[in-house]
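Student: Structure below; questions to follow.
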Amino acid sequence: MTESGDKWDAIYSQKSGFPGAPTRVLAENVHLLPRAGDALEIACGLAGNAVLLAERGLVTRAWDISAVAIRQVNDYAQARGLPLTGEARDMTEQPPAPACCDVLVVAHYLDRGLVPDLIAALRRGGLLFYQTFTRTRVTEAGPGNPEYRLADNELLALFSPLRVLVYREEGRVGALDQGLRDEAMIVAEKL
């Protein structure tokens with residue numbers, strides 16, 4: 001196990017409320033999902049996104065560095081007969097294979113070096129749902145290290161080879177107690 005894996009195992013050993021809630025980018029855009037296909041959630045944590053995908057009939061894989069979280073994912077899926085399989089996996093060591101999925105979800109995880117692998121993992125017509133923290137923020141939510149936060153419009157630049165269907169990043173404009181703050185989200189299609 002890696003130091004990072006140990007850290008996340010300790011965190012997920014203390015968490016309750018499985019599965020987690022799906023992220024806003026997926027919950028608000030669920031109507032864009034295909035009726036069938038293969039889905040993958042990267043850095044799934046308590047797998048709220050993966051559970052939603054599996055409940056919608058997609059054959060879903062959920063990857064996380066925490067073996068503790070993945071045990072919970074697999075127990076939950078098996079007890080409910082969901083087409084969902086979790087795998088403890090370090091994405092930097094074992095990125096997804098090319099053309100392995102029709103839907104790819106990433107939430108609150110940022111590894112810029114993995115972006116070409118994520119784009120390659122999508123099949124033609126595949127959809128990416130991505131949401132993570134921005135450096136422009138209103139609250140202290142999310143990681144303190146700016147390397148794990150997006151610069152303004154960076155998400156658009158990172159996934160520029162894809163066709164953008166939905167993009168949202170509101171920064172510090174307007175009523176700061178409303179809207180999507182501290183984060184950016186994108187839904188994009190591989191043509």
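Student: Limited to segment 58-87, what total is found for residues that are crowded, with 24+ Cβ neighbours inside 10 Å, under 25 Å from ALA36 (Cβ atoms) and among the polar types (S, T, N, Q)?
Tutor: 1
Student: How about segment 111-144: which of its residues are crowded, with 17+ Cβ neighbours inside 10 Å, outside any helix (DSSP H, G or I) and of a type in the set (A, V, I, L, M, F, W, C)?
Tutor: If the condition is that a residue be crowded, with 17+ Cβ neighbours inside 10 Å, outside any helix (DSSP H, G or I) and of a type in the set (A, V, I, L, M, F, W, C), then LEU122, LEU127, LEU128, PHE129, PHE133 are the ones that fit.
Student: Let me ask something else. Could you list, in sequence order, all residues of segment 165-179 that are among the acidic types (Asp, Glu) and out of contact with any Asp or Glu (no Cβ under 8 Å at 6 or more places or on another chain)?
Tutor: Across segment 165-179, the qualifying residues are GLU170, ASP177.
Student: A follow-up question, please. Of the residues that make up segment 145-155, is at least one at negative phi, of a type in the set (Asp, Glu), outside any loop (DSSP other than H, G, I, E, B) and modelled with pLDDT of 95 or more?
Tutor: yes
Student: Is it fair to say ALA107 is modelled with pLDDT of 95 or more, within 26 Å of ARG149 (Cβ to Cβ) and surrounded by 21 or more Cβ atoms within 10 Å (Cβ to Cβ)?
Tutor: Criteria met by ALA107.
Student: Report the residue count in segment 156-191 for those that are over 18 Å from PRO116 (Cβ atoms) and either touching a strand residue (DSSP E or B) at 6+ places or on another chain (Cβ under 8 Å) or in a strand (DSSP E or B) (or both).
Tutor: So the answer is 12.
Student: Would you tally the residues in segment 35-59 being closer than 19 Å to LEU114 by Cβ and β-branched (Val, Ile, Thr)?
Tutor: 1
Student: If you go through segment 7-22 one residue at a time, do you hit one that is at pLDDT 95 or above and of a type in the set (S, T, N, Q)?
Tutor: Checked segment 7-22: no residue is at pLDDT 95 or above and of a type in the set (S, T, N, Q).
Student: For segment 173-189, check the following and say yes or no: at least one residue is surrounded by fewer than 20 Cβ atoms within 10 Å (Cβ to Cβ) and either at pLDDT 95 or above or touching a Pro at 6+ places or on another chain (Cβ under 6 Å) (or both).
Tutor: The answer is yes; a qualifying residue exists.
The values are calculated or read from the model by the stated rules, or taken from the named source; none is laboratory data. Note that this is a predicted model, so its numbers are computed, not measured. All Cβ positions, glycine included, derive from the backbone under ideal geometry; neighbour counts span all protein chains shown.
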